[in-house]
Amino acid sequence: MTYMSHVNLATNQIVMNCADIDIITASFVPEGGEEINATGFNYQNEDEKVTLSFPSALQKGSGTLKIDFVGELNDKMKGFYRSKYATPAGEIRYAAVTQFEATDARRAFPCWDEPAIKATFDISLIVPKDRVALSNMNVIDRKPHPEDDSLLEVKFATTPIMSTYLVAFVIGEYDFVEGQSSDGVTVRVYTPTGKAEQGKFALEVAVKTLPFYNDYFNVPYPLPKIDLIAIADFAAGAMENWGLVTYRETALLIDPKNSCSSSRQWVALVVGHELAHQWFGNLVTMEWWTHLWLNEGFASWIEYLCVDHCFPDYDIWTQFVSADYTRALDLDALDNSHPIEVNVGHPSEVDEIFDAISYSKGASVIRMLHNYIGDEDFRKGMHSYLLKFQHKNAATEDLWDCLEQASGKPIALVMSSWTKQMGFPIIVVDQEQQGDDRILKISQKKFCASGPHNGEDCPNWMVPISICTGEDPGCTKLKVLLDSPETTITINNVSPDQWVKINPGTVGFYRIQYSSAMLESLLPGIRDLTLLPVDRLGLQNDLFSLSRAGMISTVEVLKLMEAFVNEPNYTVWSDLSCNLGVLSSLLSHTDFHEEIQEFIRDLFTPIGLKLGWECKQGEGEPPGAGGHLDALLRGLVLGKLGKAGHKPTLEEARRRFKDHVEGKQILSADLRSPVYLTVLKHGDSATLETMLKLHKQADMQEEKNRIERVLGAISAPDLIQKVLTFALSEDVRPQDTVSVIGGVAGSSKHGRKAAWKFVKDNWEELHNRYQGGFLISRLIKLSVDGFAIDKMAAEVKSFFESHHAPAAERTVQQCCENILLNAAWLKRDADDIHQYLLKRKAPPV
């Protein structure tokens with residue numbers, strides 16, 4: 001490696017980042033001077049640094065640092081690593097690929113591996129001549145290697161000034177499809193050999209997305225090309241390397257026949273997310289990892305804007321509320337949450353902040369901010385931010401300054417209350433009628449998963465509050481900024497029979513507790529659908545969360561859920577289903593688990609009958625209006641009914657599964673998950689064998705993952721053990737083991753115990769595999785989050801005290817907190833829930 005360097009102060013040492021690398025020789029050549037050889041290399045392995053010592057001081061001025069070194073092509077899915085794949089003929093081969101974010105460029109070459117130390121990169125790769133070689137930039141020269149004609153030397157154009165974590169190279173066997181965006185950028189999607197067809201959907205999305213961002217930011221994409229490539233072994237979902245974006249196969253490849261609607265949607269979102277980073281992150285980069293949330297929160301918000309532009313029929317913003325917003329609220333209500341902006345020191349601390357706070361809460365507060373500023377001023381501010389800091393680094397405050405100048409609103413003041421302190425408020429609302437006016441009394445306090453915060457030093461937020469009325473539910477009647485603990489608001493001309501709702505569109509990042517009279521008046525809006533889908537969802541989710549915190553009885557929520565019987569919206573059902581899943585899991589610790597299954601069957605049967613098994617005209621290929629969402633809803637409802645043991649659904653699923661396996665009638669991709677889940681849940685060892693056979697035969701990673709995620713549904717203890725053993729076998733890619741174990745833990749009381757025991761018994765291997773990555777956090781969360789006995793929290797805590805997982809320290813604390821919360825919830829409400837479920841079924845006297 002050669003580094004064009006500048007010595008600012010005379011020194012006889014150079015300190016660089018370096019990990020798992022052996023330096024053979026190093027020398028420094030001052031401009032116009034003699035070469036000075038380094039005489040010592042002192043590795044600080046803990047800090048991932050090396051110090052090069054020189055016999056005499058390097059004088060101030062420019063020069064060239066040369067280093068010869070040897071590194072390893074590792075199996076850790078980070079740094080420069082090898083990824084295993086099979087050729088179409090079944091031969092096992094390896095590709096060499098990179099994943100440098102956050103701190104692993106130092107595993108590929110010694111460097112100054114910090115986001116603010118930017119440089120240009122001239123990359124040349126010597127590769128076997130029958131392999132594809134890619135890097136951030138376009139190829140400018142290819143020539144045979146002078147000493148070995150089976151090798152090629154491939155030289156790439158100089159990159160713009162950029163951070164080390166965005167450098168990338170890939171060497172392997174790939175096919176590609178190519179297109180051109182309307183603004184002249186060459187776009188390629190690289191797929192495994194023989195699967196170019198499966199890159200077409202992502203190519204379409206990318207070709208539409210580049211001009212969308214170009215226009216939105218009013219700044220052109222700065223490179224001549226962009227490649228999107230599917231990597232077999234890949235820890236994250238995708239990585240935004242500048243000009244060469246890497247993906248898991250399931251986040252990029254779509255097969256028109258074998259991919260389900262949710263996979264298309266996932267691919268569209270991930271492509272939208274990574275391409276947004278080409279501007280926001282790559283062109284302008286965060287100053288330090290403390291500001292990671294800016295990159296990730298922003299990209300996680302704008303990916304939805306982009307998909308909404310490309311696929312208006314996905315109703316994607318409603319899905320945002322269920323996928324990101326409520327997930328962030330749940331995590332952020334814990335005492336062991338953290339602020340959006342975290343001080344980060346050691347590399348292992350960086351891995352830990354790639355979590356739902358950086359991504360989902362980040363995206364949610366940016367959505368709230370965008371709503372508070374308005375689109376026009378928001379875009380103006382974004383444009384000036386990107387222009388001012390292009391090819392440089394920025395901190396959170398820099399963005400606030402630009403948005404403040406564009407909008408004239410106190411952005412920094414408002415936003416710092418959301419990014420610098422953890423948690424969020426619960427807004428308590430009461431009302432009274434005075435003539436034609438409605439008087440609202442509104443107050444805020446911190447919301448905690450264990451109940452309202454009653455301490456002395458209660459934090460306050462600057463809360464943008466919008467209000468709408470029953471007269472026009474889609475239209476905001478009033479906006480205020482709540483900047484004190486409480487306030488009173490008057491809304492004119494509201495007749496006594498009209499309801500008033502806070503937070504229309506469910507945009508503000510807070511929970512709401514209405515007085516019982518206000519809540520009563522809102523409930524008919526759920527039955528008759530006059531409330532917007534996103535508000536029906538938000539109301540139900542708030543109440544569910546209040547019941548977990550012990551602020552209302554869970555029975556109130558069950559009553560509310562029964563009001564959703566006419567609900568047509570997929571996302572509303574999806575969120576409801578999620579919460580019922582949490583409740584069902586909680587009640588698996590009781591002897592009336594069957595009663596909650598019956599409740600689920602009763603709630604989902606009408607919509608199941610209405611949808612049926614066959615897609616109506618307009619669903620499937622190509623998706624017509626509503627087709628995409630109907631397909632998602634059908635899969636959700638049938639899976640829920642099948643899992644809960646709804647007889648007609650189970651029989652039909654078994655019949656269709658048999659036809660599918662025998663090749664008589666292949667299941668449509670959207671029905672596979674629900675059918676597989678249903679037959680496994682009520683299946684035996686023959687069913688499991690058949691599923692494992694389907695897994696082996698599957699050519700698509702998506703199908704393998706689909707099967708892996710549901711295997712845990714099997715009930716018999718010996719078969720559960722078999723599934724867990726399978727999770728660590730060669731047949732499951734390393735990044736997917738986690739979802740197999742998670743599937744077991746999430747499916748039954750026995751599965752939960754078995755999965756936790758399996759994780760403990762195989763801890764060495766699992767930790768070695770995933771150490772220091774976010775997969776280890778995910779594994780822990782999936783395995784233990786569902787317990788509901790106090791002593792389990794103590795057991796989990798003590799296990800991790802003797803088995804350190806630094807990158808998952810906070811996750812462990814969050815899980816222990818969740819277990820204690822579950823236990824308290826169960827103690828508090830189990831009897832009432834049981835009585836309610838029994839009474840529901842009792843014949844009227």
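The values are calculated or read from the model by the stated rules, or taken from the named source; none is laboratory data. Worth saying up front: this structure is predicted, and the values here are computed from it rather than measured. Because the Cβ atoms are built from the backbone with ideal geometry, glycine has one as well, and the counts that use them run over all protein chains shown. Ligands, DNA and RNA are excluded from the accessible area calculation, which covers all protein heavy atoms including side chains. Shrake-Rupley method; radii C 1.70, N 1.55, O 1.52, S 1.80 Å.
Residues Glu708, Glu809, ordered by accessible area of protein heavy atoms at a 1.4 angstrom probe radius and largest first, appear as Glu809, Glu708. In sequence order, segment 209-217 has phi-based couplings of 6, 4, x, 4, 5, 3, 6, 5, 8 Hz under the Karplus curve 6.51 cos²θ - 1.76 cosθ + 1.60, θ = phi - 60°, and Gly or Pro positions carry x.
Let me check something: with ligands and nucleic acids excluded, how do Cys458, Cys578 order by accessible area (1.4 Å probe), largest to smallest?
Working: Cys458 45, Cys578 85 Å².
Solvent-accessible surface, decreasing: Cys578, Cys458.
Working from label points 7 Å from Cα in the Cα-to-Cβ sense, the Glu486 to Ser62 distance is 6.8 nm.
Tell me, what is the FRET efficiency for Val582 and Leu523 to the nearest 0.05, using R0 = 22 angstrom and their Cβ-Cβ distance as r? Mind showing how you got there, number by number?
Details: r = 22 Å, r/R0 = 0.99.
About 0.50, to the nearest 0.05.
Exceedance of the 23 Å cut-off in Cα-Cα distance is limited, within the set Lys420/Lys441; Lys195/Lys257; Lys664/Lys704, to Lys420/Lys441. Rounded to the nearest 500, the 222 nm mean residue ellipticity of the chain from helices alone is -13500 deg cm²/dmol, with -39,500 (n - 2.57) taken per DSSP H run of at least 4 residues.
In whole Å, what three semi-axes, largest first, describe the equivalent ellipsoid of segment 1-129 built from its Cα gyration tensor (square root of 5 times each eigenvalue)? Show your work: numbers first, answer last.
Values: eigenvalues 210, 47, 36 Å².
Taking √(5λ) for each eigenvalue gives 32, 15, 13 Å, largest first.
Can you flag which of Lys76/Lys781; Lys753/Lys791; Lys446/Lys501 are past 19 Å Cα-Cα? Too far apart for the 19 Å limit: Lys76/Lys781; Lys446/Lys501. On full extension, the segment bounded by Asn460 and Leu838 gains 131.8 nm, given 0.36 nm per residue less the C-alpha separation.
Where Rh denotes the Kirkwood radius from the mean inverse Cα pair distance, what is Rg over Rh for segment 378-488?
On the way: Rg = 17.9 Å, Rh = 16.7 Å.
Rounded to two decimals, Rg/Rh equals 1.07.
Compute the FRET efficiency between Ser515 and Thr51 as 1/(1 + (r/R0)^6), taking r as their Cβ-Cβ distance and R0 = 56 Å, and round to the nearest 0.05.
Numbers: r = 66 Å, r/R0 = 1.17.
E(calc), rounded to 0.05, equals 0.30.
Atom-type composition of the exposed protein surface of segment 272-423 places 51 percent of the accessible area on carbon and sulfur (1.4 angstrom probe). For the chain, the per residue solvent-accessible surface stands at 40 Å², with DNA, RNA and ligands left out and a 1.4 Å probe. Between Asn218 and Met1, the contour length at 0.36 nm per residue exceeds the alpha carbon distance by 74.4 nm. Once you keep just the Cα pairs under 8 angstrom separated by 6 or more residues, what percentage relative contact order results for segment 227-317? Once normalised by length, the contact order is 22 percent.
By the rule of a C-alpha distance below 20 Å, with chain neighbours fewer than 8 residues away ignored, the lysines paired with Lys392 are Lys118, Lys380. Annotation for segment 245-277: trypsin sites (Lys or Arg not before Pro) lying in DSSP loop with at most 16 further Cβ atoms inside 10 Å of their Cβ are Lys257. To the nearest 10, the accessible area of Lys200 is 100 Å² with a 1.4 Å probe. The separation of segment 275-342 from segment 459-536, counted between C-alpha centres, amounts to 25 Å. Within segment 655-699, the proportion of Cα pairs with more than 13 Å between them is 56 percent. Here His593 sits with roughly 60 square angstrom of accessible surface, probe radius 1.4 Å. Given q = 0.19 Å⁻¹, what are the Debye log10 I(q)/I(0) values for segment 675-821, with equal point scatterers placed on the Cα positions and solvent ignored? The calculated log intensity ratios at q = 0.19 Å⁻¹ are -1.10. Candidate values [x] 30.7, 91; [y] 32.7, 116; [z] 28.0, 102 were compared with Rg and Dmax of the Cα atoms in Å computed on the shown model; the agreeing label is [z]. Note on segment 313-463: percent of Cα-Cα distances in each 10 Å bin, starting at 0 and stopping at the bin with the largest distance, equals 9, 30, 35, 20, 4, 1, 0.
Summarising the label geometry, the points placed 7 Å from Cα in the beta-carbon direction at Asp141 and Gln697 lie 5.3 nm from one another. Please find the FRET efficiency linking Glu764 to Ala794, where r is the Cβ-Cβ separation and R0 is fixed at 30 Å, and quote it to the nearest 0.05. Taking R0 as 30 Å, the efficiency between Glu764 and Ala794 is 0.85. Model label points for Ser348 and Ser685, set 7 angstrom from Cα along the Cα-to-Cβ axis, are 4.3 nm apart.
By how many nm would the segment from Arg93 to Trp288 grow when fully extended, if each residue of separation counts as 0.36 nm and the alpha-carbon distance is taken off?
Details: separation 195, 0.36 × 195 = 70.20 nm, distance 3.76 nm.
66.4 nm is the gain from fully extending Arg93 to Trp288.
When the Debye formula is applied to the Cα atoms of segment 331-374, each taken as the same point scatterer, what base-10 log of I(q)/I(0) results at q = 0.15, 0.34 Å⁻¹? Results for segment 331-374 at q = 0.15, 0.34 Å⁻¹ read -0.44, -1.17. When the P(r) is computed for segment 373-434, the part past 18 Å accounts for 49% of the Cα-Cα pairs. Taking all protein chains together, Ser360, Ser5, Ser450, Ser715 sort by accessible area into Ser450, Ser715, Ser5, Ser360, largest first [probe 1.4 Å]. Within segment 772-845, all pairs of alpha-carbon atoms sorted by distance into 5 Å bins from zero give the percentages 3, 16, 21, 17, 12, 8, 7, 6, 5, 3, 2, 1, 0. By the rule of a C-alpha distance below 27 Å, with chain neighbours fewer than 8 residues away ignored, the lysines paired with Lys841 are Lys559, Lys610, Lys640, Lys643, Lys647, Lys681, Lys749, Lys827.
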